[in-house]
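One structure is given below, encoded as C-alpha cells.
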Amino acid sequence: MPRLVSTSTIAASLRNTAQRSSNPHLTQRSLQTLLRSSSLASPSPSYNSNKLAFVARTSSAAFSTSARTMGAHAGIGKGEDNVRPPPDQVIQDIADYVHNYEITSETAYNTARLCLLDSLGCAMEALRFPAAAAVCGPVVEGTVVPNGARVIGTNYELDPIRAAFNNGALIRWLDFNDTWLAAEWGHPSDNLGSILAVADWLSRTAVANGKKPLTVHDILTASIKAHEIQGCIALENSFNRVGLDHVVLVKVASTAVVSKMLGNTRDQTVDAISQAFVDGQSLRTYRHAPNAGSRKSWAAGDACSRAVNLALLVKKGEGGYNSVLTAKTWGFYDVLFKGQPFKFQRPYGSYVMENVLFKLVPAEFHSQTAVEAALQLYTKMKEAGKTSDDIKSVKIRTQEAAIRIISKQGKLNNYADRDHCIQYMVAVPLIFGRLTPQDYNDDVAADPRIDALREKMYCEEDSRFTEEYLEPSKRSIGNGVTVEFNDGSKLEEIALDYPVGHARRRAEAIPLIKAKLEKHLDGHFDAKRQEQLVELLTNHQALAQMPAHEFISLWLKK
C-alpha cells in the first residue's frame, strides 16, 4: 500500500518550490487550485497515488527554472535527434594529415633538428631551478616502470603519461623554447613532451621484445606535424580572446601525432582528437595580471600528459564524439568558442616548422625586439657616459598583442609575473646590459632600480606593428624603444621589425642557437658528452638515423 502524504505536506512542498521559482504567477491561490483539481485538498484513505505522481510531475515542470528554456534541447516532444553525424570535418582533416601526408621539405627537417636540440637544452636549463625539479618524478615516489619512458636530465623511468608531463614541463618551464605568433600564440615545441615520452617508451619496449625501435627521424616527423596542426589552427583562431589557454592546441596536436605513433588507425585518431576537444580546457588566467603564476610553466606538460592518456584510451577501445565541435548547445563551438566555427588560412603542410620563431633572449616573444633594442641602447648609454639613473623616461612602441598580454604596472609577485612584463624585460637590460633566466628571480628583482625604471616607462600601440604582426607574408614582431635623459637629451629610437629568432634571420640565429645550447649543457655533462650533443646541431644524418631511445639516453643523468 502506498504511503499517504497529507495535504499540508504537499502544500508546504509546493509552497517552498514556489518561493524558489522565478514564475510570478505561482501564487498561494494557484497552489490551492492545483491541490483542489488534483482531489488532494480533502484526502481520503482511498486516494489515488497516481494523482500524486501526476501533481509532482506537473508541479516540477511548471516550477522548474530550466524546463522552458532548455526544453527545445532536452527531448521534449518526440525527443532529441539521436542520429550520429559523420565526424566533424576539422577533425577528419587533422587525422588525414597525420596519417597520409608525407613531409618532404628539407627546410622543415633542418629546422626541426634545431628545434629539438634547442628544446632539450631548455629542459636542461630548467633543472637548475628548484621549482621545476620539484614537479618532476613519478606520482608515487620510487615508482619505476620497466622499459618505461625516461625524463630528460634525470634518472626517472616512468609510464609515458607521467613522463610526458615531466618532459613537457621542463621544456616549457623557462618560456625559452620556440614560439608561434598569430591570432593565437603558443610554443609548438611543447608537443615534444608527448612525442619524446612515447617514442622512448615504444622504442625501449620494442628492443626488449626483439623488434626495431623508432628513430629520431620519426620524432622529427611527428614534431613537424604537431607544429603544423597547432600553428595552422592558431593562424585564424584566437583562444585567448575567449579566455582559454593555448595549451588546448598542444593537447589536440599531441593527441593526433601520438595516436599515429601508437599504431592507432585513422578512424581511431579521429576519435582521439575528439576526446581532446571534449576534455576540460585550461583557463588563461594564470598567464595574466593579477593571477600570473607558475602553472603557466607546467600547463604544457599537463596538456602533453592528457594527450598521451587519451590516445592510449582510444587504443584500448574507447570511442569518440563525432560532432564534438559542431553539436548544437553541447559542442565546443557553442560552449567555449562563442558559437563561432574555426577558420583556416592554409592547408596542413610544413609551413609552421619552416617559419617557427626561436627565442634567443629569455623573454616573452612579443617583447623580443624590445629587449634587443634595450641591449643596443645600453651600449650607447655606456658610450655616452650615462646609466639608468640618468633616465627620465622610456617609450616603447609595440603591437596590440604585447599591450594586451605583457604590459603591466604595480608589484610583480613572482618569476612568472616578471617574465610576462615588457617593462621589466626592458628595464633589466637597460640597467645591467643583460637578460638571463636568473634575472627573473627574487634576488635580482629586489634591486630597487628595476621598479623605479618601470615607473618611468609607457607603452603605445603602433598600428603598423599590429598590422604586420598578422600579415602572413611578414609575421613581424616589431618594437621601438626611445630613452630620454634628465638633462633633456635623447638616444635615437632603436626599432626592430624582426627578432633574431625569426625565419628571416635564420642564418644569423644558428650560431646563437649553438651558443645557447652550450650554455644550457654546461655543468650537466662532461665535455665529451656536451661536444657530442652540440655536434648533432649540424649533423642531420647522424641524428636522424639514431634510435630514439639511444638519443634520449644521451640526455640522462647517471
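Assorted remarks:
- From 382, 408, residue being open to solvent by 10 Å² or more (accessible area, probe 1.4 Å) and outside any loop (DSSP other than H, G, I, E, B): 382
- Test set (1) touching a His at 6+ places or on another chain (Cβ under 6 Å); (2) part of a helix (DSSP H, G or I) - residue 329 fails condition number: (2)
- Reported count of residues in the stretch 427-438, each being touching a residue at least 12 places away in the same chain (Cβ under 8 Å) and either farther than 16 Å from residue 387 by Cβ or in contact with a His (Cβ under 7 Å, 6 or more places away or on another chain) (or both), is 3.
- Test result for residue 509, surrounded by 14 or more Cβ atoms within 10 Å (Cβ to Cβ), closer than 28 Å to residue 534 by Cβ and in contact with a Gly (Cβ under 8 Å, 6 or more places away or on another chain): yes
- Hey, residue 339 under 16 Å from residue 188 (Cα atoms) and either without any contact (Cβ under 8 Å) to a residue 60 or more places away in the chain or not in a strand (DSSP E or B) (or both) or not: no
- Residue in the stretch 182-215 that is nearest to the chain's Cα centre (by Cα), counting only those that are surrounded by fewer than 24 Cβ atoms within 10 Å (Cβ to Cβ) and within 25 Å of residue 512 (Cβ to Cβ): 185
- Checking 514, 528 one by one, the residue that is open to solvent by 30 Å² or more (accessible area, probe 1.4 Å), outside any loop (DSSP other than H, G, I, E, B) and under 30 Å from residue 382 (Cα atoms) is 514 and no other.
- Scanning the stretch 281-333 for residues that are open to solvent by 60 Å² or more (accessible area, probe 1.4 Å) and among the charged types (D, E, K, R) returns 295, 306, 315, 316, 318, 328.
- Residue 502 meets the conditions (1) under 25 Å from the mean Cα position of the chain (by Cα); (2) open to solvent by 80 Å² or more (accessible area, probe 1.4 Å) in every case but one. The failed one is (2).
- Filtered residues of the stretch 462-477 (kept if farther than 21 Å from residue 236 by Cβ and under 27 Å from the mean Cα position of the chain (by Cα)): none
- Among the residues of the stretch 196-218, some residue qualifies, meaning at least one is assigned to a loop (DSSP other than H, G, I, E, B) and of a type in the set (A, V, I, L, M, F, W, C).
- Unique match (being outside any helix (DSSP H, G or I) and touching a Ser or Thr at 6+ places or on another chain (Cβ under 7 Å)) among 191, 177, 155: 177
- Taking the conditions (1) open to solvent by less than 60 Å² (accessible area, probe 1.4 Å); (2) more than 18 Å from residue 250 (Cβ to Cβ) in turn, residue 338 satisfies each one other than (1).
- Selection count, the stretch 476-497, where residues are farther than 20 Å from residue 385 by Cα and either without any contact (Cβ under 8 Å) to a residue 40 or more places away in the chain or crowded, with 20+ Cβ neighbours inside 10 Å (or both): 5
- Hits in the stretch 392-405 (condition: modelled with pLDDT of 95 or more, more than 16 Å from residue 431 (Cβ to Cβ) and either of a type in the set (Val, Ile, Thr) or in contact with a Pro (Cβ under 7 Å, 6 or more places away or on another chain) (or both)): 398, 403
- First in the stretch 291-302 and part of a helix (DSSP H, G or I), second anywhere and crowded, with 23+ Cβ neighbours inside 10 Å and among the acidic types (Asp, Glu), Cβ under 7 Å, 6 or more apart: 299/245; 300/190
- Subset tally (residues that are assigned to a loop (DSSP other than H, G, I, E, B) and either among the charged types (D, E, K, R) or touching an Asp or Glu at 6+ places or on another chain (Cβ under 9 Å) (or both)) for the stretch 490-503: 4
- Search result, residues across the stretch 230-272 that are surrounded by 22 or more Cβ atoms within 10 Å (Cβ to Cβ), in contact with a Pro (Cβ under 9 Å, 6 or more places away or on another chain) and more than 23 Å from residue 286 (Cα to Cα): 232, 258, 270, 271
- Inter-residue pairs, beta-carbon under 7 Å, first more than 14 Å from residue 477 (Cβ to Cβ) and in the stretch 179-192, second of a type in the set (Ser, Thr, Tyr) and open to solvent by less than 10 Å² (accessible area, probe 1.4 Å), 6+ apart: 187/179; 189/119; 191/223; 191/254; 192/119; 192/223
- All positions within the stretch 543-558 that are in a helix (DSSP H, G or I) and either open to solvent by 40 Å² or more (accessible area, probe 1.4 Å) or not aliphatic (A, V, I, L, M) (or both): 545, 549, 550, 551, 553
- Residue under evaluation residue 389, criteria (1) modelled with pLDDT of 95 or more; (2) over 20 Å from the mean Cα position of the chain (by Cα); (3) over 12 Å from residue 426 (Cβ atoms); (4) outside any helix (DSSP H, G or I), criterion not met: (4)
- Qualifying residue in the stretch 358-367 (condition: in a helix (DSSP H, G or I) and surrounded by fewer than 23 Cβ atoms within 10 Å (Cβ to Cβ)): no
- Inspection of the stretch 447-457 finds a residue satisfying the criterion of being free of Cβ contacts under 8 Å to residues at least 60 places away in the same chain, among the hydrophobic types (A, V, I, L, M, F, W, C) and touching a helix residue (DSSP H, G or I) at 6+ places or on another chain (Cβ under 6 Å).
The values are calculated or read from the model by the stated rules, or taken from the named source; none is laboratory data. Note that the coordinates shown come from a computational prediction; the quantities given were computed from them, not determined experimentally. A quick note on method: Cβ atoms are made from the backbone with ideal geometry, for glycine too, and the neighbour counts reach across all protein chains shown. Quick note on the areas: whole protein, heavy atoms, side chains included, nothing else; ligands and nucleic acids left out. Shrake-Rupley method; radii C 1.70, N 1.55, O 1.52, S 1.80 Å.
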